[in-house]
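A short write-up of the structure that comes next.
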Amino acid sequence: MKIHFKVNGTPTEVEAQADEMLLEVLRRELDLRSVRATCGIGICGACTALVDGEPISTCIFLAPLAEGCEITTVEGLSGDHPVQRAFEEEHAFQCGYCTPGMILTARSFLEENPAPSDEEIKVALGGNLCRCGCYVKIIRAVKKAARG
Amino acid sequence: MSRNIPQWLAPTSLQEALALRAQLGDEATVVAGGTFIGILMNQKIMQPQALLSLRNVSELAFIEASQDEGSSLRIGAMTTHRAVERTSLIHQEWPVLASTFSLVASPRVRNQATVGGVLADADYASDPPTLLQALNARVVVRSEKSEREIPVEELIIGYYETSLRPDELLVEVRVPRNRERVVYRKFRSRSSEDRPCVAVAAAQVDGKLRVVVGAVAEKPQYFPEICALAEGETGGYTRELVTEIGQRYAESIEPISDSRGSAAYRRRVIAVEVRRALEEMVP
Amino acid sequence: MSNPRVTGAIRYAQDVEFEGMLHASILRSPYPHARILRVDASAVPDSVVVLTPDDIGDFGSYGCQIQDQTVLPRERVRFVGDPVVAVAAPTKREADEALNLIDVEYERLPGVFDAVEAVAEGAPLVHEHHAISENDAAYFGIRPQEGTNICHRFRIRHGDMEEGFKQADVVVEETYRTPGAQHAAMEPHASVARWQDGRLEIWTGTQTLFNLRMDLAGIFNIPESQIRIISPPMGGAFGAKTFVRTEAIAACLAQKAGRPVKVVLSRYEEWLTLNRHPATLQVKLGARADGTLVAKRVVCWVDTGAYADCGPGVAQKMGYAAVGPYRIPQVWVDSLCVYTNLPPNGAFRGYGAMQAVWASERTMDVLAAKLGMDPLELRLKNVLVDGDQFCTGEIMHDVHFIECLHAAAGTIGWADNKQGKGLCVLMKGMQTPSRASIVVEANDDGGYTVHCATAEMGQGAWYSIRLMAAELLGVELEKVHYAEPDTDLAPYDTRTTSSRSTYMMGRALVEAVRDLKRKGELGYGECVNKGGLDPDTGQGIASTHWHQGAAAAEVRVDEETGKFQVLKLYTSIYAGHVVNRPGAELQNEGSMIMGLGTTLFEEIAFEDGQPANANLSDYNLPAAGDLPESFTSDLFEREGAEVHGLGETALPPVPPAIGNALYSLGIHVTDLPLSAEKVLNAIDSRQQAKGGRT
């Protein structure tokens, strides 16, 4: 079936099957590799994309549900977005696999809560797992992005 | 290679959706938010023949409460957890409802998962059904030809099992106004992101104590006869009373064992957490 | 220019694409031990390439230390998840569906799922014979015990055990158990294989390019020069991406298909691929009344699963790490690497040190309690200093255990009050012997390219090596490029494990730059790290230098539920010389957080050999909210010191520091993880011992 949505600002039409998840479609049809398969159950956040501005686990989001939506992945950020800049300056990553999910979740969170406490950041990012264990610097990066 | 790619059905009205339910029954899997179905499909536990999406049935996404005394909060089945968490009306008047929905999983799941879906899934470890049952909430279930309103405890009847018939849809949740001293405790035995090991919801509804324990058995556990021990305790619950209610709940439940705790451990925690919930209720 | 991890531009092995590439799926054994009677893949369509046990007859066996594996099992499956049939199809979906069309008939055999039981009389044998591998990862004398499930036994014989315990005024003895755990790197294993003119090329996330190449050469019976391994950056590894994992299956399928083949594991398959060694450790420790340690006896049963992988090496490291950084005149250790019918266990951050330090450091506190001595004082009294001899006979140098301990005790306020607080000190070895070599090439544009087999798994090795090269060459960092590790271009390196790369490659770089300055276009340098232990006596050089540190923890316990909070967690780690400070801090913090997971909730629950919690909901990983309120670490350096690797050191001391904190409250738990239930049970025991009600 054909699914129509906007991806990183560009109106797009993709071919997908009704039982495919948005994750597979974004990677295969649009070569967007920042969304990654990891847990398959929506727990870890490595597949995060913003759908109509809100973080969604694309690995458990049936592709047809994206019809008419606006999807943002990290490829749609400038590379110099304040959150990205803060992550670089604070060295808030190691292997990078979870990083796009962290960045998008942080961006969405800061739009709602521009001056968060450490506790609030931990709760907001609690659903984004980082096995490398970069949480200390990630929290610092989010605070820096909030200030800047 | 023979593989059935399921049909995607996307009705745009409730009437259309109910007609499809009448026509197809369980041959079409209902998709509300789709989180649970996504998980089951990724694990290859479920391979639906058809998918019936309620996404475009906008009449199912609403939150309403009239000012009339005695009138309920009405939440449409397609309302997301996130909407419940954020809506100021619910924050102000049913704050524990808002906070309990905010405890579910992660923001991503809450953006996608719905109030109707979490009830229809009847997942034993989900938070909202336990609280809704303690609040004496009722669900509205419709088919093409009929409508019925049933309490949550009549909806959820077993492990991932509801009393919904193949031609029915859960369309609305109604939460009573006349409730006081609502408490929800989510005891996690491991990570801060873990699902609950023991969950306790307690509320006074129409002056009567309702304690519901979730995440420990196939469905939320409620014992009105034990709660009746609190009847007539106008001054507040004594230490002896809350301890006894906790003990009796622990003795009355046959807990399961899972990755979050053994049955024996759950028994210990049930007694403690029920008591603590009741202690929290006392002003 | 933004870092590709932050822009999403980074590409992992799973992102490698080739025209006409096929996708693989693997049909795995549902039984822990069974004979394969019949494989029927006749219903699979022709568009799908199938590899069955019948197809692998000509392929050689492999194994980095014991040669006990074949690409698919020849006649018998030995663990739940053992690959039996592999297929490759144009899409992953078709490959998955093809598995449903394959019928396999098994005859079940009895299995064994615990290392202690597997050593007992009458235990079913997982392998009848144990052949020592010729892979250069079998770098020490291996001692398989034919006719048993013991594929290696490591011994330390230092002094006279009987005499030693006779001199002891106080003796304590405890048994500890640590469960299996999953590395759970965010990126699953992925390999892409293709054959070009008889030459095998594999893009795979691997820490061990040269060991892998050697094993594959043996499998296909071709010279190593006919194999090329390229290792793209990995999304984490922690030891999981070592030796042969998905590469052999990808290569065999690619050979049969005549097309490139990609293998990417699902999250569930990660629990069936490589895990951490469960272990049982028995520790007997004797001291004089004044706290002087006189004798230590340790027995380790190390569960290596159905295939040895580097289990012998882990058993060896666990064996000497279990002695601890102490002067003890009589030390006997027996560390047995044992087969069971569980999925294979292998390298896992810490490499045996976690299990050993848990047992050793908890015993120190048990001894302190029996002596009526402060656990800090007991450690300070016995800890090794420069010039002391370790139980392997080697002389310690550049050791700072006392400083680390004082820093840990100070941070936790040990002097004020010890209730709910615990300490730990550890030493861990670095892969010895080993060899690292590196090439630096001068480019036409005035820049340089470094060719090095050190793999990038998030630890920042490429960045550190570039920093060191830039400094040696006297140029800005931007002028130094690091080529993706490629065995066609990079010279030999033992492997990227054991926290050795910054140190070893740093030294090789010095030589390479010197050589480049002499020659002009290309410089080669190498660093050889000599040593090793006699497996029968444990004497020799375990490590040319030591990874050292201490940890302190403070806990608050909810005694009604056993759930406890770690209020404070601190580590003090000796770094020698830090090349990249933010990177070093990240490694330290990451190790501590992984240590928290091990301590609080990580364990693989096996039921008759089947991992019962093989998903990230049932198996918890530490999340941001699990950070203790106070979570700090110090890395300290010394003028003129060598780089000391930091990739693992801060993991092993975390469990004992927390376990000892609980012990200070009379809560004695010997088995990891420290679940709320175990704590509650220990509280019940404490109450009973006091004669009180629970």
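Mind checking whether some residue in region C:57-70 is within 14 Å of another protein chain (Cβ to nearest Cβ), open to solvent by less than 30 Å² (accessible area, probe 1.4 Å) and either more than 30 Å from C:GLY311 (Cα to Cα) or touching a residue at least 60 places away in the same chain (Cβ under 8 Å) (or both)?
Within region C:57-70, not a single residue is within 14 Å of another protein chain (Cβ to nearest Cβ), open to solvent by less than 30 Å² (accessible area, probe 1.4 Å) and either more than 30 Å from C:GLY311 (Cα to Cα) or touching a residue at least 60 places away in the same chain (Cβ under 8 Å) (or both).
When you go through C:GLY506, C:GLY532, C:GLY549 one by one, which is the residue that is small (Gly, Ala, Ser) and surrounded by fewer than 18 Cβ atoms within 10 Å (Cβ to Cβ)?
Numbers: C:GLY506 fails: surrounded by fewer than 18 Cβ atoms within 10 Å (Cβ to Cβ); C:GLY549 fails: surrounded by fewer than 18 Cβ atoms within 10 Å (Cβ to Cβ).
Only one candidate passes the filter, namely C:GLY532.
Any idea how many residues of region C:342-375 are part of a loop (DSSP other than H, G, I, E, B) and surrounded by fewer than 23 Cβ atoms within 10 Å (Cβ to Cβ)?
3
If C:HIS129 satisfies every condition in (1) crowded, with 17+ Cβ neighbours inside 10 Å; (2) assigned to a loop (DSSP other than H, G, I, E, B); (3) touching an Asp or Glu at 6+ places or on another chain (Cβ under 9 Å) but one, which is the exception?
So C:HIS129 meets the others, but not (1).
Sort out which residues of region C:666-691 are open to solvent by 40 Å² or more (accessible area, probe 1.4 Å), in contact (Cβ under 8 Å) with a residue 12 or more places away in the chain and part of a loop (DSSP other than H, G, I, E, B), and write them in order of number.
Listed by number, the list holds a single entry, C:HIS668.
Within region C:636-665, take every residue that is among the small types (Gly, Ala, Ser), over 24 Å from the mean Cα position of the chain (by Cα) and open to solvent by 10 Å² or more (accessible area, probe 1.4 Å) and give me the one that is farthest from C:TYR176 (Cα to Cα).
So the residue we want is C:GLY640.
For the condition under 25 Å from B:GLU193 (Cβ atoms) and open to solvent by less than 10 Å² (accessible area, probe 1.4 Å), what is the one hit in A:ALA37, A:ALA92?
Matching residue, one of A:ALA37, A:ALA92: A:ALA92.
Identify the single condition in (1) under 28 Å from C:GLY666 (Cα atoms); (2) free of Cβ contacts under 8 Å to residues at least 60 places away in the same chain; (3) of a type outside the set (Val, Ile, Thr) that C:PHE601 does not satisfy, given that it satisfies every other one.
The single condition C:PHE601 does not satisfy is (2).
State whether one or more residues within region C:97-119 are open to solvent by 20 Å² or more (accessible area, probe 1.4 Å) and at pLDDT below 95.
The answer is no; no qualifying residue exists.
For region C:1-35, give me each residue that is of a type in the set (A, V, I, L, M), surrounded by 24 or more Cβ atoms within 10 Å (Cβ to Cβ) and either within 14 Å of chain A (Cβ to nearest Cβ) or without any contact (Cβ under 8 Å) to a residue 60 or more places away in the chain (or both).
Result: C:VAL6, C:ALA13.
Could you say whether any residue in region C:311-322 is modelled with pLDDT of 95 or more, in contact with a Pro (Cβ under 9 Å, 6 or more places away or on another chain) and closer than 20 Å to C:GLU270 by Cα?
Taking region C:311-322 as the starting set, the residues that turn out to be modelled with pLDDT of 95 or more are C:311-322.
Restricting the remaining residues to those that are in contact with a Pro (Cβ under 9 Å, 6 or more places away or on another chain) gives C:311-312, C:316, C:321.
Checking which are closer than 20 Å to C:GLU270 by Cα leaves us with C:311.
So far as region C:311-322 goes, yes, one or more of its residues are modelled with pLDDT of 95 or more, in contact with a Pro (Cβ under 9 Å, 6 or more places away or on another chain) and closer than 20 Å to C:GLU270 by Cα.
What number of residues in region B:185-212 are within 30 Å of A:CYS130 (Cβ to Cβ) and open to solvent by less than 30 Å² (accessible area, probe 1.4 Å)? Walk me through it before giving the result.
Initial filter on region B:185-212 (within 30 Å of A:CYS130 (Cβ to Cβ)): B:185-199.
Retained after the next criterion (residues that are open to solvent by less than 30 Å² (accessible area, probe 1.4 Å)): B:187, B:189, B:191, B:194, B:196-199.
Adding up the residues that qualify gives 8.
Looking at B:GLN49, B:GLN15, B:GLN23, which is the one that is within 14 Å of chain A (Cβ to nearest Cβ) and open to solvent by 40 Å² or more (accessible area, probe 1.4 Å)?
B:GLN49
From the residues in region C:575-594 that are touching a helix residue (DSSP H, G or I) at 6+ places or on another chain (Cβ under 9 Å), in a helix (DSSP H, G or I) and open to solvent by 30 Å² or more (accessible area, probe 1.4 Å), which one is nearest to the other protein chains (Cβ to nearest Cβ)?
C:PRO582
Please count how many residues of region C:36-54 are buried (at least 18 other Cβ atoms within 10 Å of the Cβ) and part of a loop (DSSP other than H, G, I, E, B).
Matching residues across region C:36-54 total 4.
Could you please tell me which pairs satisfy a Cβ distance under 9 Å, a separation of 6+ or placement on different chains, a first residue in region A:18-29 that is free of Cβ contacts under 8 Å to residues at least 40 places away in the same chain, and a second residue that is surrounded by fewer than 24 Cβ atoms within 10 Å (Cβ to Cβ) and assigned to a helix (DSSP H, G or I)?
A:GLU24/C:LYS92; A:ARG27/C:ASP15
Rundown of residues vs (1) within 14 Å of another protein chain (Cβ to nearest Cβ); (2) over 30 Å from A:ASN128 (Cβ atoms); (3) at pLDDT below 95, yes/no style:
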residue: B:GLY214; (1), (2), (3): no, no, no
residue: B:CYS227; (1), (2), (3): no, yes, no
residue: B:ALA250; (1), (2), (3): yes, yes, no
residue: B:ARG260; (1), (2), (3): yes, no, no
residue: B:ALA264; (1), (2), (3): yes, yes, no
residue: B:GLU279; (1), (2), (3): yes, yes, no
residue: B:VAL282; (1), (2), (3): no, yes, yes
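For region C:250-267, enumerate the residues that are more than 14 Å from every other protein chain (Cβ to nearest Cβ) and open to solvent by 10 Å² or more (accessible area, probe 1.4 Å).
Passing the criteria: C:GLN255, C:LYS256, C:ALA257, C:GLY258, C:ARG259, C:PRO260.
Could you list, in sequence order, the residues of region C:595-635 that are open to solvent by less than 10 Å² (accessible area, probe 1.4 Å) and assigned to a helix (DSSP H, G or I)?
Matches in region C:595-635: C:GLY595, C:LEU596, C:GLY597, C:THR598, C:THR599, C:ALA624.
I'd like to check something: does region B:30-50 contain any residue that is touching a Cys at 6+ places or on another chain (Cβ under 8 Å), under 30 Å from C:ASP96 (Cα atoms) and either part of a helix (DSSP H, G or I) or hydroxyl-bearing (Ser, Thr, Tyr) (or both)?
So far as region B:30-50 goes, yes, one or more of its residues are touching a Cys at 6+ places or on another chain (Cβ under 8 Å), under 30 Å from C:ASP96 (Cα atoms) and either part of a helix (DSSP H, G or I) or hydroxyl-bearing (Ser, Thr, Tyr) (or both).
Could you please let me know if A:ILE71 is within 10 Å of chain B (Cβ to nearest Cβ) and crowded, with 17+ Cβ neighbours inside 10 Å?
When the stated conditions are applied, A:ILE71 does not pass them.
The values are calculated or read from the model by the stated rules, or taken from the named source; none is laboratory data. These numbers come from a predicted model, not from an experiment. No Cβ is skipped: glycine too gets one built from the backbone with ideal geometry, and neighbour counts run over all protein chains shown. Side chains included, ligands, DNA and RNA excluded: accessible areas come from the protein's heavy atoms. Shrake-Rupley method; radii C 1.70, N 1.55, O 1.52, S 1.80 Å.
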